[in-house]
Amino acid sequence: MSLSQCFNVEDFRRLARRKLPRPIFDYLDGGADDEWSLENNAAAFRRWRLMPQYLRDISTVDTQTTILGARAGAPAILSPTGMSRLFHHEKEIAVARAAGDLGLFYCLSTMATTTIEDAAAASAGPKMFQIYIHKDRGLTKELVARCRAAGYDALCLTVDAAVAGNRERDRRSGFVMPPRLTAAGFASFATHFEWTFNLLRDPGFDLVNVRASGGALGKGATGVIEYIDTQFDRTVTWDDAARLIEEWGGPFAIKGIQSADDARRAVDIGASAIMISNHGGRQLDSTPAPVECVRPMRDAIGDRAELIVDGGVRRGTHVLKALALGADAVSFGRPYLYALAAGGERGVRRFLSLFLEDLERSLALLGCARVADVDARHLRDLAADET
Ligand code: FNR
């Protein structure tokens, strides 16, 4: 199987699985506990049917929109994902470059293996930086100042990871960060020669934007979990979020919100957008699928903030459903990481181009020339039909 044989997310996933040693693939692919939320995030989209409206002029279809005050090539953001170096040696630079060249919004994680400045230089498109508040509060101030200097369009605060989720696949596989060629994982590393060769040739696994632990992860058997549990600040409250919004003074998203109450609070302290998310099913399991939260949240906050659906988005038709429910945009993580693992920058470019093509075609088939044309009339709710 090669990149040219990849046509959808599942194809890229299959190729990524072949390219990555098993512990690395499982870290990318997995979720918390029973992985119920992970499964349900995608399955929840099945609840709705799209209702096309025909005989509309769709001679030109425009996928562009505005998100967090910036012009974007599509109502879609590349979600922040830590440690992209794990999946390919071209890491975040490859993703930022591919997304930027297509005008797509890229969000860099605090846990990135590329600097704020290098990612900004690689991206010709809109960009956001995602913050985890560390116990070292000076670090947050420093990150905000660096984002301002590097020209980021927006900031995003992730609120659903004060402690690490229970990723049993990682515990079973003995996943460590930075990766080490352990006896337990030896067979898997040895049979993934290309990845292992690049591990030795070009390590670069440091979390270069955080100096809290000297930039490197702890040395315990569960490096990531240990890092989160020792470095992230569990005392963070709405007051801290409000202060951060004030300090930044620009477009600001809060990521990880799932209830209408929290959405209201976020708007009250000045958030410009809410990324409805359960961290791709990697934190608290059994939480609702983000797409299920859109309507109640829209009802709660009206038009006071943008809503971004993050989790389980795999196709253009998923974007249309999210928009018809009242969202302004979607975002996705694993899909572009599978593509990165499958083929570096070339893989990400291929995936994002296919995604844009799919979105444009789906809009046309729905009878819409523009993103703003999609509304509640384009949706039928099967659950409502049954009651
Ligand atoms: C993530 N996610 C994440 N979120 C965040 O705010 N900061 C981070 O550093 C990370 N890191 C991370 C690593 C990996 C490997 C994955 C898969 C995810 C969550 C991410 O931003 C997003 O919420 C989910 O990936 C969305 O779900 P899908 O699109 O993967 O189904």
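What follows draws every value from the coordinates through simple rules; no lab data is involved. Worth saying up front: this structure is predicted, and the values here are computed from it rather than measured. Virtual Cβ from ideal backbone geometry, glycine too; neighbours counted across all protein chains shown.
Anyone know which of 77, 58, 133 comes out most mobile in the 10 Å Cα GNM of the chain?
Largest GNM mean-square fluctuation: 58.
Give me the percent of DSSP beta bridges within the chain that run antiparallel, rounded to the nearest 5. Walk me through the numbers on the way to the answer.
On the way: 7 of 37 bridges.
If we restrict to bridges inside the chain, about 20 percent are antiparallel.
Among 193, 80, 27, whose Cα projects farthest towards the positive end of the dipole of the chain, with charges put on the beta-carbon of Lys, Arg (+1) and Asp, Glu (-1)?
Value computed over the given set: 193.
Neighbour counts of other C-beta atoms within 10 Å: give me 176, 313 arranged from fewest to most.
176, 313
Can you check what the net charge comes to around residue 168, using other residues whose Cβ is under 15 Å from the Cβ of residue 168 (Lys, Arg +1; Asp, Glu -1)?
On the way: positive: 22, 167, 169, 171, 172, 282; negative: 26, 29, 33, 34, 35, 39, 170, 285.
With Lys, Arg at +1 and Asp, Glu at -1, the net is -2.
How high is the FRET efficiency from residue 303 to residue 229, r the C-beta distance, R0 45 Å, rounded to 0.05? Mind showing how you got there, number by number?
Working: r = 39 Å, r/R0 = 0.86.
For R0 = 45 Å, the calculated efficiency reads 0.70.
Give the distance, in whole Å, between the Cα centre of segment 257-298 and the Cα centre of segment 341-387.
Here the two parts' Cα centres lie 21 Å apart.
Using 7 Å Cα-to-Cβ label points, what is the residue 57/residue 136 separation (nm, one decimal)?
5.9 nm
Rank by packing, highest mean first: peptides 63-70, 191-198, with packing defined as the count of other Cβ atoms within 10 Å averaged across residues. Write out the running numbers ahead of the final one.
Details: 63-70: 18.2, 191-198: 14.1.
Ranking, from highest mean packing down: 63-70, 191-198.
Once you put a point 7 Å from the Cα of residue 383 and another 7 Å from the Cα of residue 286, both along the Cβ direction, what distance in nm separates them?
1.7 nm
Run through the DSSP bridge list for segment 22-136 and note the antiparallel percent, rounded to the nearest 5. Can you show the working numbers first?
On the way: 3 of 9 bridges.
Within segment 22-136, antiparallel bridges account for around 35 percent of the total.
With just the Cα atoms defining each centre, how far is segment 149-179 from segment 2-58? Give it in Å.
20 Å
If you take the charge dipole of segment 36-190 about its Cα centre, with +1 on Lys and Arg Cβ and -1 on Asp and Glu Cβ, which of 176, 64, 53 is farthest toward its positive end?
The residue sitting farthest along the positive end of the dipole is 176.
Count charges around residue 308 for me, please; just the other residues with Cβ under 13 Å from its Cβ, Lys/Arg as +1, Asp/Glu as -1.
Working: positive: 255, 298; negative: 306, 310, 328.
Every neighbour counted, the sum reads -1.
State log₁₀ I(q)/I(0) for the chain at q = 0.08, 0.09 Å⁻¹ as given by the Debye formula over alpha-carbon point scatterers of equal weight, solvent excluded.
Cα-only, vacuum Debye calculation for the chain: -0.38, -0.49.
Under a Cβ-only charge scheme (Lys and Arg +1, Asp and Glu -1), can you give me the dipole magnitude of the chain about the Cα centre, in debye to the nearest 20? Before the final figure, lay out each step's value.
Numbers: 48 positive and 50 negative charges, 178 e Å.
Here the chain has a charge dipole of around 860 debye.
What does the charge add up to near residue 238, with Lys and Arg as +1, Asp and Glu as -1, over the other residues with Cβ less than 12 Å from its Cβ? Present the calculation step by step, with values, prior to reporting the outcome.
Values: positive: 243, 264, 265; negative: 239, 240, 261, 262, 268.
Spelling it out: positives minus negatives among the neighbours equals -2.
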